[in-house]
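Readers should treat all values here as calculations from the given coordinates under stated rules, not as data from a laboratory. As the structure is a computational prediction, the values presented were derived from the model and not from experiment. Cβ placement follows ideal geometry from the backbone for every residue including glycine, while neighbour counts extend to all protein chains displayed.
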Amino acid sequence: MISNGFDITKVNAAMQSRLGWLQPTLAGSPVVDVTNLKSLSGRYYNDGSFHAHLTLDKLKKAQENQNISDADFNNLLRQYDLSASTRCLNAVFNRPQMVEHTLIYERISNVRNVVIPNSSNFCGYRIKTAKGNWAIQINSVSLFFDNAATFNLYIFNDLQKAPIYTFQVTTQTNTQVIFQMPNVVLNYLSQSNSGGLFYIGYFQDDLVAQNAHGIDEQLNMWAATKVFGAYPFQSPRLTGQLDFNRINPSVVFRSYGLNLEVTSYHDYTQAIVQNAHLFDNARGLALAIRVLEEIKYSTRTNTIERQSKQAIDNTELNYDLNLA
């Protein structure tokens, strides 16, 4: 799931458990579970590093549910941890991240009578992403074939023998079919690849028994893209393997019955994951702000809640929030 220039799921996994909660020694305090006690950085939200009012007792007394269980309170702490991460990241990566949204080619006319012979090739597009914090998302694939057929569409990384994605698609006779891709993101650098070279296409052998062929559309122009290149290619299938010859594949300017809808954007996921420690202090401050807000605007009435509110007047609250 991409959000504002990073994959929120991968980033949250890297941030998780970097900061923990110390078990309070005050009698009657909530019991912190193993997950929330864990701190990979050796720092804790309530160790005095971020704000004096950032304590579990004050936070619990400020909850609307006065009978909140320890289990529910621990779930709340996990949610606060994630929201603090998101708050920090969205504050840092706050500019528009999308670069372009395009099709690989534009057709020149409705003449679609040139079929591509099936020659035991793997054919489609060779995609190269630019160096740096870039990613492309393949939103959909337009399929245009001369007969109805069901076959697999594959995406390979250049340095991985097995396909990284496999999708079953079905075409219609001389009718364009749009296949929506389920969150396919290709990066120059990620946790699974280094160097952004990919291939997307199909094996022509899969079409032979169904008497289907990709239609080579008459093109007006190939897309002039900014942070990635997509080139049509064909390469012989390796005998008996789900693989093809990747040494100097032939660049043949045919559409192969495929057109890709692609979005490119800045993607800082890998940079964040590798440098999660840089956000520790900001996350602690962000969570302190959240707790100050909870205490200040709580609808609860109890001794600790009243004392906390009195200790945090509007001037102090505004100072704390603006400084942080």
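According to the Kirkwood relation over distinct C-alpha pairs, the hydrodynamic radius of the range 171-308 is 20.8 Å. Pairs of Lys residues in the chain are counted when their Cα atoms are under 15 angstrom apart and they lie 8 or more places apart or on different chains; the count is 9.
For the chain, modelled as a GNM whose springs connect Cα atoms under 10 angstrom apart, the maximal fluctuation among Thr129, Thr239, Thr55 occurs at Thr239. The share of Cα pairs per 5 Å bin across the range 89-206, counted from zero up to the longest distance, runs 2, 9, 16, 21, 19, 14, 10, 5, 2, 2, 0 percent. Sequence-distant contacts, meaning Cα pairs under 8 Å at least 6 residues apart, place the relative contact order of the chain at 27 percent.
For the chain, the ratio of Cα radius of gyration to the globular rule of thumb 2.2 N^0.38 Å stands at 1.37. Here the 3J(HN,Hα) profile of the range 205-213, calculated from phi with Karplus coefficients 6.51, -1.76 and 1.60 at θ = phi - 60°, is 4, 5, 9, 4, 5, 9, 6, 10, 9 Hz, Gly and Pro shown as x. Can you pull out the trypsin sites (Lys or Arg not before Pro) in the range 215-299 that DSSP calls coil and that have at most 14 other Cβ atoms within 10 Å? Within the range 215-299, the qualifying trypsin sites (Lys or Arg not before Pro) (loop, at most 14 other Cβ atoms within 10 Å) are Lys226. Membrane-span-like helices of the chain, defined as complete DSSP H segments with a Cα extent of 18 Å or more along the helix axis and a mean Kyte hydropathy of at least -1.0, are identified as 70-92, 280-296. Seen from every direction in turn and averaged, the convex hull around the alpha carbons of the range 164-237 projects onto 7.0 nm². Need the C-alpha centroid separation for the range 135-159 versus the range 1-71, integer Å. For the range 135-159 versus the range 1-71, the Cα centre distance is 44 Å.
Going by Cα centres, the range 264-278 and the range 181-207 are how many Å apart? If we compute the Cα centre of each part, the gap is 20 Å.
Placing pseudo-labels 7 Å out from each Cα toward the beta carbon at Asp57 and Leu103 gives an inter-label distance of 6.7 nm. Over the chain, with a Gaussian network built from C-alpha contacts below 10 Å, which listed residue (Ala276, Ala13, Ala135) shows the highest mean-square fluctuation? Among Ala276, Ala13, Ala135, the largest mean-square fluctuation in the Gaussian network model of the chain belongs to Ala13.
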